[in-house]
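One structure is given below, encoded as structure tokens.
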Ligand SMILES: *Cc1c(COP(=O)(O)O)cnc(C)c1O
């Protein structure tokens, strides 16, 4: 599946003589983040091949992955089980738009404490889940595994061969690894982590098949799902100027970071940049609830 590249017009880009296009992977599906769609594609085929009818995965209250697994499972006839971080959500998930969306698409929840959640990759914990819920196809938190990386290697197409830099947001690193593996020998990849942490370089290296990439670690805005008024303003202005909605957790930070690099003359004149809009727009509602409580201006919808 090919998604369109949209040219971004801005005085800054003109002044610095660089061009920026955004690949609209967010248009793949209204509820499934573009990259999650890619990450699930080969995994759901594998689940089918193994004859499994239930998908089990892990996530927090704002997880695009949880929403994606629920919606994709619903469309393709799988039962879905979400192991959700935070016992306090148990009686309270109806107030969370992401969990509400997942529930509406048939996902059954199993709420666990934060300390229990840390065991999510341990064999004992998984065995216990099998005892309770029966056999399932396991999708790791964030959905990153070999088959997910394979799916994300289909984001770039032959039409993208003219770009010098490909930029993508990074959560667990599966998406950017797939992109890295599908670049041409003269292209470089910039990954913009949406969270703090040095582990990402190692995680990406596990799947990356070349060295033509680096991480730009200055634009996480304090950590995963942390948002500032400056970021909200940027996202709202960008939408007004281009018509493109960005999400506050991943793609807003990515595009903000790209503009900062352009200001700093990181890119030589004539550089052609392609930024991947991985989606995540389902998360705006939930983020606005948080912003409202903190009395931070809201994201335009
Ligand atoms: C999950 C997600 C990411 C991060 O993808 P990883 O493969 O975990 O790095 C980026 N953007 C959006 C919109 C996402 O939902």
Counting only residues that are more than 15 Å from residue 166 (Cα to Cα) and surrounded by fewer than 16 Cβ atoms within 10 Å (Cβ to Cβ), region 270-284 contains a total of 0
Condition (residue is assigned to a helix (DSSP H, G or I) and touching a helix residue (DSSP H, G or I) at 6+ places or on another chain (Cβ under 9 Å)) applied to region 123-132: is it met by at least one residue?
yes
Filter result (without any contact (Cβ under 8 Å) to a residue 40 or more places away in the chain and either crowded, with 24+ Cβ neighbours inside 10 Å or within 10 Å of the ligand (Cβ to nearest atom) (or both)) within region 157-181
172, 173, 176, 177, 180
A careful count of residues in region 253-286 that are under 27 Å from residue 189 (Cβ atoms), outside any loop (DSSP other than H, G, I, E, B) and more than 10 Å from the ligand (Cβ to nearest atom) gives 14
Residues of region 184-198 satisfying the condition of being over 13 Å from the mean Cα position of the chain (by Cα), at negative phi and within 16 Å of the ligand (Cβ to nearest atom):
189, 190, 196, 198
Name the residues in region 221-251 that are away from the ligand (no atom under 12 Å from the Cβ), surrounded by 18 or more Cβ atoms within 10 Å (Cβ to Cβ) and within 17 Å of the chain's Cα centre (by Cα), would you?
221, 227, 235
Of all residues in region 110-121, which are surrounded by 14 or more Cβ atoms within 10 Å (Cβ to Cβ), within 21 Å of the chain's Cα centre (by Cα) and either more than 17 Å from residue 55 (Cβ to Cβ) or without any contact (Cβ under 8 Å) to a residue 60 or more places away in the chain (or both)?
117
Residue check, residue 300 against (1) within 19 Å of residue 30 (Cβ to Cβ); (2) more than 15 Å from the ligand (Cβ to nearest atom); (3) assigned to a helix (DSSP H, G or I), all met but one. Which one?
(3)
Looking at (1) within 16 Å of the ligand (Cβ to nearest atom); (2) modelled with pLDDT of 95 or more; (3) not in a loop (DSSP other than H, G, I, E, B), which one does residue 142 not meet, given that it meets all the others?
(2)
Can you tell me how many residues in region 7-61 are part of a helix (DSSP H, G or I) and within 12 Å of the ligand (Cβ to nearest atom)?
9
Filtered residues of region 203-216 (kept if more than 14 Å from the ligand (Cβ to nearest atom) and without any contact (Cβ under 8 Å) to a residue 24 or more places away in the chain)
211
Residue 108 being in a helix (DSSP H, G or I) and away from the ligand (no atom under 16 Å from the Cβ)
no
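The values are calculated or read from the model by the stated rules, or taken from the named source; none is laboratory data. The model shown is predicted, which means the values in this text are computed figures rather than measured ones. All Cβ positions, even for glycine, are placed from backbone atoms using ideal geometry, and neighbour counts span all protein chains on display.
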